Amino acid sequence: MANAEVAKRLYEMAEMLEFKGEENVFKIKAYQKAARHIEELEEDINVLRKKDELGNIPGVGEAIEAKIKEMLDTGTFKAFEEVRHEIPEEIDEITAVQGIGPRTAHLLYTRLGVKDLEGLLKAAEEHRIRRIPGMGVKTEENILTAVKRQVAEGNIGRFPLGVALPVAEEISKKLVDGTLIREVRITGSIRRWKDTVGDIDLIARSDDPEKAIEAFTRMDNVQKVLEKGNTKGSAIYQGNIQVDLRIVKDDAFGSLLQHFTGSKEHNVKLRKIALAKGLHLSEYGLKNAVTGEQMPCSTEQEQYEMLGLQFIPPEMREDRGEIEAAMEKKIPQLIEIGDIKGDLHVHSNWSDGKNTIEEMALAARFLGYEYIAISDHSGSSKIANGLSEKRLLEHIKEIERLNERIEGIRILSGTECDILTDGKLDYSNELLEQLDIVVVAVHGSVEQDSKTMTQRIVTALENEYVHILAHPTGRKFGKRLPFEMDMEKIMDTALEHGKILEINSAPQRLDLNDKYSMMSREMGIKLAINTDTHSPDQFANIRYGVGTARRAWVTPADVINTLHLKDMCRLLGISYERSRD
Ligand code: DGT
Ligand code: CA
Ligand code: CA
């Protein structure tokens, strides 16, 4: 088991205990704490175990240590399995509803027998929830609204990309480890970098498809085999995610890749174009509709070319005008990870990050970045150890010192300043003026009605010292739906005042999403693609932000952190010289 898996199990244990109404809060907190520290470990937990150093992990006492060992040996632990049997399987559906935590889910289950979303909706509509002591009419109404919204947004039964992609990569790696399977490609919505995905779609090349499918179904962590054919396999993998695998021999690999990358809407339109040319398009490639001659393509490029189209990047394949653009050879040169020159939303251990400012700067320099902005939280974010005005001044000084000492990267002094409930900012203008860059964000009081929330953000964007609005809609997969707000009004304000909107690359956020990123780009609003990282490894999340931007047809010119340091300094009105020596 990898660190992330061990951590996940411990988090689940905490959640299940909470669900069960565990009285001892410290027990729940202990699991969460251990999980958090394991998640952030830089060393492999299996290695620590060999060195007998598990006990050194903060939060891991004797009891949890024993459970970790059990997990590393058997893949699970007894206490976990025992509790799991007492809890209905679909309970995640319930706790994913805004405003329902494990305790409320437990009440709904024990009092009303509610164990899935359908049951919850029914209970709310039949006014049974208000009769539970302590819940009331208002709670019932809120639950009903939240469930309806969740259903309308189609988020049910889908996995965040940040969950599915690492699993898909893990499986791909396992599959090519053998000599049997020569190449594996991730296709479907994951390859299109869609923010949530229904399942994992893989294709592979092998000379012996049947054996390859057999090997696939016998992989570790396969929980259930759904289909096992000559060239097709389908299974439920650990984490309850479905994996579809198709195997081909060499010649039609490009055609198959194109087909399974989708989207369905994109493919339907391609098929029409093929027909107009007397061709028939299927997963096996193109075929002459009259003679029946097959024309399989080994690359996608070839297939698009045969249809008279420019190559279309996977992220654009949603039938949003990309086929028409490809006909006119007008596919834009989309942004790539290599275009990113710096990260403007980075946390350090001055607030809730894990590492020092210096460590973050060195990690960024290693990635080839020219600059980063350290944007720690402001004072009102108490849980995040936000900086008081006094500590922010020290923070600025520390960054000055580091800039004198560290070469090859410029550290910009920044903040992720809270937008207070009325739209005022958590720091005075006098203080904001002393920073290189001001990132603002909504954290508390997220339940405000649309009018109040819109005005709150508009007011913040009207402040002359503000540069970037971070994670504009506040959504978090499985935890929080987007704020109620008038996004168009917020975009109009951003445009009017020259403010930048962030595409936050944290995979649980991906906020702005593709749709709003596209609207912003079309309006001419500049974007920043940041990671909001709390440790050096999270810089790697930039790929999710760039993927989202590519879905929105974003080019380097639309994004400010593709600028070189000199141009970035000019944009921010700060001296470039300071960084040179
Ligand atoms: P998902 O899984 O809901 O996130 O979305 P996709 O796009 O991965 O959809 P999925 O897994 O049902 O199918 C994978 C790809 O296979 C899809 O993007 C295009 C292709 N495909 C599936 N069903 C059809 C179909 O009925 N017609 C066409 N033309 N292509 C299909
Ligand atoms: Ca899929
Ligand atoms: Ca599928």
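The values are calculated or read from the model by the stated rules, or taken from the named source; none is laboratory data. Please read all numbers here as calculations on a predicted model, not as lab measurements. FYI the Cβ positions are ideal-geometry reconstructions off the backbone, even for glycines, and counts take in every protein chain you see. These accessible areas exclude ligands, DNA and RNA; they are computed on the full protein's heavy atoms, side chains included. Shrake-Rupley method; radii C 1.70, N 1.55, O 1.52, S 1.80 Å.
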Are any of the residues in segment 183-203 more than 15 Å from ligand 1 (Cβ to nearest atom), in contact with a helix residue (DSSP H, G or I) (Cβ under 8 Å, 6 or more places away or on another chain) and of a type in the set (A, V, I, L, M)?
yes
Mind listing just one residue for me: the one in segment 209-226 that is touching a helix residue (DSSP H, G or I) at 6+ places or on another chain (Cβ under 9 Å) and open to solvent by 30 Å² or more (accessible area, probe 1.4 Å) and, of those, farthest from ligand 3 (Cβ to nearest atom)?
220
Segment 459-478 - residue that is open to solvent by 10 Å² or more (accessible area, probe 1.4 Å) and not in a loop (DSSP other than H, G, I, E, B) and, of those, farthest from residue 422 (Cα to Cα):
476
When residues of segment 529-581 are filtered for being modelled with pLDDT of 95 or more, assigned to a loop (DSSP other than H, G, I, E, B), closer than 21 Å to residue 467 by Cα and among the small types (Gly, Ala, Ser), how many remain?
0
Quick one: is residue 170 over 30 Å from residue 316 (Cα atoms) and either among the charged types (D, E, K, R) or within 12 Å of ligand 1 (Cβ to nearest atom) (or both)?
no
Only one of 257, 270 is aliphatic (A, V, I, L, M), within 16 Å of ligand 2 (Cβ to nearest atom) and in contact with a helix residue (DSSP H, G or I) (Cβ under 8 Å, 6 or more places away or on another chain); which?
257
Tally the residues that are hydroxyl-bearing (Ser, Thr, Tyr), open to solvent by 20 Å² or more (accessible area, probe 1.4 Å) and touching an Asp or Glu at 6+ places or on another chain (Cβ under 9 Å), restricting the search to segment 381-430.
1
Going by what's in this entry, would residue 35 be described as among the hydrophobic types (A, V, I, L, M, F, W, C), under 26 Å from the mean Cα position of the chain (by Cα) and over 17 Å from residue 78 (Cβ atoms)?
yes
Consider residue 157 against the criteria (1) exposed (fewer than 14 other Cβ atoms within 10 Å of the Cβ); (2) within 16 Å of ligand 3 (Cβ to nearest atom); (3) part of a helix (DSSP H, G or I): it satisfies all of them except one. Which criterion is unmet?
(3)
Scan segment 311-354 for residues that are under 30 Å from residue 398 (Cα atoms), of a type in the set (D, E, K, R) and assigned to a loop (DSSP other than H, G, I, E, B) and report the count.
3
Complete set of residues in segment 93-115 that are in a helix (DSSP H, G or I) and surrounded by 17 or more Cβ atoms within 10 Å (Cβ to Cβ)
93, 94, 95, 102, 104, 105, 106, 107, 108, 109, 112
Condition check: within 25 Å of residue 447 (Cβ to Cβ), open to solvent by 20 Å² or more (accessible area, probe 1.4 Å) and without any contact (Cβ under 8 Å) to a residue 40 or more places away in the chain. Does residue 176 satisfy that?
no
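For every residue, the table says whether it meets (1) hydroxyl-bearing (Ser, Thr, Tyr); (2) more than 23 Å from the chain's Cα centre (by Cα); (3) over 30 Å from residue 362 (Cα atoms).
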residue	(1), (2), (3)
401	no, yes, no
427	yes, yes, no
449	no, yes, yes
456	no, yes, yes
Residue satisfying all of: in segment 179-192; open to solvent by less than 40 Å² (accessible area, probe 1.4 Å) and of a type in the set (Val, Ile, Thr); modelled with the lowest pLDDT among these
181
Residue check: is residue 512 free of Cβ contacts under 8 Å to residues at least 40 places away in the same chain, under 26 Å from residue 444 (Cα atoms), crowded, with 24+ Cβ neighbours inside 10 Å and of a type outside the set (Lys, Arg)?
no
Any residue in segment 76-91 that's closer than 21 Å to residue 64 by Cα: show its pairings with residues that are open to solvent by 100 Å² or more (accessible area, probe 1.4 Å) and in a helix (DSSP H, G or I) at Cβ separation under 9 Å, as long as the two are six or more apart or on different chains.
76/84
Number of positions in segment 530-571 that are touching a residue at least 24 places away in the same chain (Cβ under 8 Å), closer than 17 Å to residue 366 by Cβ and small (Gly, Ala, Ser)
1
Whichever residue in segment 282-294 is assigned to a strand (DSSP E or B) and open to solvent by 10 Å² or more (accessible area, probe 1.4 Å) and, among such residues, is nearest to ligand 1 (Cβ to nearest atom):
282
Here are the criteria: (1) in a helix (DSSP H, G or I); (2) open to solvent by 60 Å² or more (accessible area, probe 1.4 Å); (3) within 22 Å of residue 540 (Cβ to Cβ). Tell me which single one residue 148 does not satisfy.
(3)
Say we look at segment 246-272 and pick out the residues that are more than 13 Å from ligand 1 (Cβ to nearest atom) and part of a helix (DSSP H, G or I); which of these is most open to solvent (accessible area, probe 1.4 Å)?
251
Test: residue 241 is within 16 Å of ligand 3 (Cβ to nearest atom), of a type in the set (A, V, I, L, M), without any contact (Cβ under 8 Å) to a residue 24 or more places away in the chain and surrounded by fewer than 21 Cβ atoms within 10 Å (Cβ to Cβ):
no
